[in-house]
Amino acid sequence: MKRVGKQVGFNRHFKMQPEDLKKLVSMEMPFGKHKGRIIADLPGNYLNWFAREGFPPGEIGRLLQLMQEIDHNRLSDLLKPLRQRS
């Protein structure tokens, strides 16, 4: 998979949308070692690997960046109410 440059840390150039949080608890990882797993359930070390090596382009990369930032700052509990609704 081709990545667009090496992006370390959170991409500050996009504006998070409220639907993005819903996607984290409903969208499955489309490829790789954790294919089929809900993005919000991906292990922190996997998310950190993307932060070091570069996030994939497009929506999936944006969502992985968001989830990595949430996980890194230990804010995953914020997603609990959304999990209960989905």
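The values are calculated or read from the model by the stated rules, or taken from the named source; none is laboratory data. All figures in this text were calculated on a predicted structure; none of them were measured in a lab. FYI the Cβ positions are ideal-geometry reconstructions off the backbone, even for glycines, and counts take in every protein chain you see.
Could you please let me know if F50 is modelled with pLDDT of 95 or more, in contact with a helix residue (DSSP H, G or I) (Cβ under 6 Å, 6 or more places away or on another chain), surrounded by 10 or more Cβ atoms within 10 Å (Cβ to Cβ) and among the hydrophobic types (A, V, I, L, M, F, W, C)? Yes. When G5 is tested against (1) of a type in the set (G, A, S); (2) over 12 Å from the mean Cα position of the chain (by Cα); (3) at pLDDT 95 or above, exactly one condition is not met: (3). Under the condition of being outside any helix (DSSP H, G or I) and farther than 17 Å from E19 by Cα, the residues counted in segment 34-74 number 12. Close Cβ contacts (under 6 Å, 6 or more residues apart or on different chains) running from residues in segment 5-31 that are more than 13 Å from F55 (Cα to Cα) and assigned to a loop (DSSP other than H, G, I, E, B) to residues that are at pLDDT below 90 and of a type outside the set (F, W, Y) comprise V25/R83; V25/S86; S26/S86.
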